[in-house]
Every structure is written in C-alpha cells, then in structure tokens.
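First the structure, in the form of structure tokens, and then the observations on it.
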C-alpha cells in the first residue's frame, strides 16, 4: 500500500488548520492574526522540532479558538516523548491555553466555573492525540522487536544447524580413529612383520613399500581426525573462512551503530587461526549487542601492543528493554576456548557506563 507523500500531508494539514482558524476567528486584530498564521505555518516543522512547534501553538490557542493546529502538534510531540510526566504537562498546558479567556482581563468571577469546565473538557480532549501518539510509539517498538526476534531466531537456527553438523563431524572423527586408523595400523604392522620375515628381495621391497604407505596414510588420517575434532565446535570451518579483510564488511553489515577504529599487524603476519578468532569475536559480540542491548551503539577497536594484539568490542547501555530470547549461552565460552588454544585470553564483563565489553588478546609470535 502506497503511503501519502509527507509534503502532501503537511500541505493538507496547513490548509485544514487555516480553515479552522477562519471559521473560529475570535481576535481579528493584527496581533491575533499573526499568532494564528504562525500556528498554521509552523505545522510542517513539527516532525523536526516537535516541542518548539507545540509551544508556538499555545499562544495561538490562547488568542484564537482553534484546535487543529495544537492537536496535530501535540500528537507529533507525544509520538516522540516517552516520559508520561512530560506528556501530562503538555496536556495541561494545552488545556490551559484553550480554556483561558482572551484577553486575560476578562477572567471575571462569574466565569470561573465555566472556565474550569472548559479546562476539564479540553484536558480530556487532549488525551486523544496523546494516546494516538503513544500507540504509534508502541507500534514502532513492536516492529523493531519483531525484527530483532526474527534475527535472533535465525541466529538460533544457525547455531542449531552448526551443533548438528558438529556432532556429525565428531562422530566421523571417532569412526576414523576407532576403525579406519586401527585397520591401517594393522596393515603397517603386518607389512613390517612380512618385511622382517621374508628373504626375497622383491617381496621384501613390496612389504617395505606397503609399510611406508601405511604409515604415511596413518599420519594423514590422524591429521584429519585432529582437524575434525578441532573444528567440531565451529562448523563454519566447512565454508570459506573469514579473514581480517572481511572484518570491515562484517561491521558495516551488522545493522548496528558501530564504529571501527585501530589497526592490527599486517594481515600476512597474523596466522589464519588468529584471524578467524578475531573475526568470530567481533561477530559474536555484535550479535550479543543486537540481542541484549537493542538500540545501543558499539565500538570495535583493533589494537597492537608490543607482544600482543587483539580486539575490544564495547557497547553502550541498551536504548530500550531487551526481549527475553532463548539462547545456547555457549558463544563466549567457545570464544574463550578458542583464545586459550591460541595462547591468548578473552575477557568479558560490564563496562563503566552500564554497557558491556568483550576483549580478545592474542600473543604476537614474532615478539
């Protein structure tokens, strides 16, 4: 469904406010006409300066018997204000400006009761645009929460698929170790026995070749088993592995307000496992920001300090309450284990300003 263009909406609202002013004109003096005209003309600026436009409408409401302009300004202001006490204050100001007589010297004793009734009625009327504004806020919050929930669920599905594949790889590693490696070991042993027992040169050479090939094959199998077991905790090893060159794209594509600063040693001197650890740390930290600190800004700082280098990811406090999402709670544990395998460390905890910080430190083997 196509939305009405904003300039067209503003133009229609100004025309409607002007028609309201023309129908309910009470003060036709130049002063009253100027205030009424300013009230109508300020409406296109209400999205950018909601409070200023609302305050500008109050004198017009005091002098002229108009409703369209102040109600529109109050609606826009309430859609951008979360403090209920401020909303109550805005409603009171609107009701006072509308109910008070003009000029104020006309506030005679016999009009007190009628002024109070008008104030109560106008205050009740002001609740309509305020409630609509709050409804718009709630709708926008729900839309953001649904988007974040879907992203979190997709992440959980990926983690589940990775867990299944990790178990399959661990099972394959066990089968290769318990069955295939065992059989190849027996072949090497039998070939060695045949090599010792035989007297013929041809048979002796064939047995030696079989034994040599069996030993080489066994070494290859052991290497494969080690790789399978090492990567069973991170199944993304099956895909082309991320490097430091992919880090900037990860940060810019995170959908968060993230700043990337600092430098690491040259890419060609950082080992591939260390590059993957740096990438996965930033990836997991930004995922946690998206899940547990919605709306918060984050900073990714790369650093190189003599015998060590690493990355620090810090986020601000959440801008709105986080959803209670299910999680495996294994991300940081896996990152810490990966860092320890590389001889480094990973620390995580609250930052001083109420946010969260994750810091990965890896040793520089060249030092």
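Below are the figures for this structure:
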{"item": "Mean Cβ neighbour count within 10 Å, used as a protection proxy, ranking 275-283, 91-99, 129-137 highest first", "result": "275-283, 91-99, 129-137"}
{"item": "Where labels lie 7 Å past Cα in the beta-carbon direction, separation of residue 297 and residue 168 in nm", "result": "4.4 nm"}
{"item": "Descending semi-axes in whole angstrom, ellipsoid equivalent of segment 6-107, from the Cα gyration tensor", "result": "21, 18, 9"}
{"item": "Förster radius 41 Å - calculated FRET efficiency between residue 157 and residue 135 (Cβ-Cβ, nearest 0.05)", "result": "0.80"}
{"item": "Peptides ranked, highest mean first, by Cβ atoms within 10 Å: ranges 67-79, 350-362, 287-299, 245-257", "result": "67-79, 287-299, 350-362, 245-257"}
{"item": "For segment 244-363, Kirkwood radius (reciprocal of mean inverse C-alpha pair distance, Å)", "result": "14.6 Å"}
{"item": "Viscosity 1.567 mPa s, temperature 4 °C, Stokes-Einstein D of segment 1-61 from Kirkwood C-alpha radius, µm²/s", "result": "106 µm²/s"}
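Coordinate-derived values only; no laboratory data. This structure is a prediction, so every number in the text was calculated from the model and none was measured. Note that each Cβ is placed from the backbone with ideal geometry, even for glycine, and that neighbours are counted across all protein chains shown.
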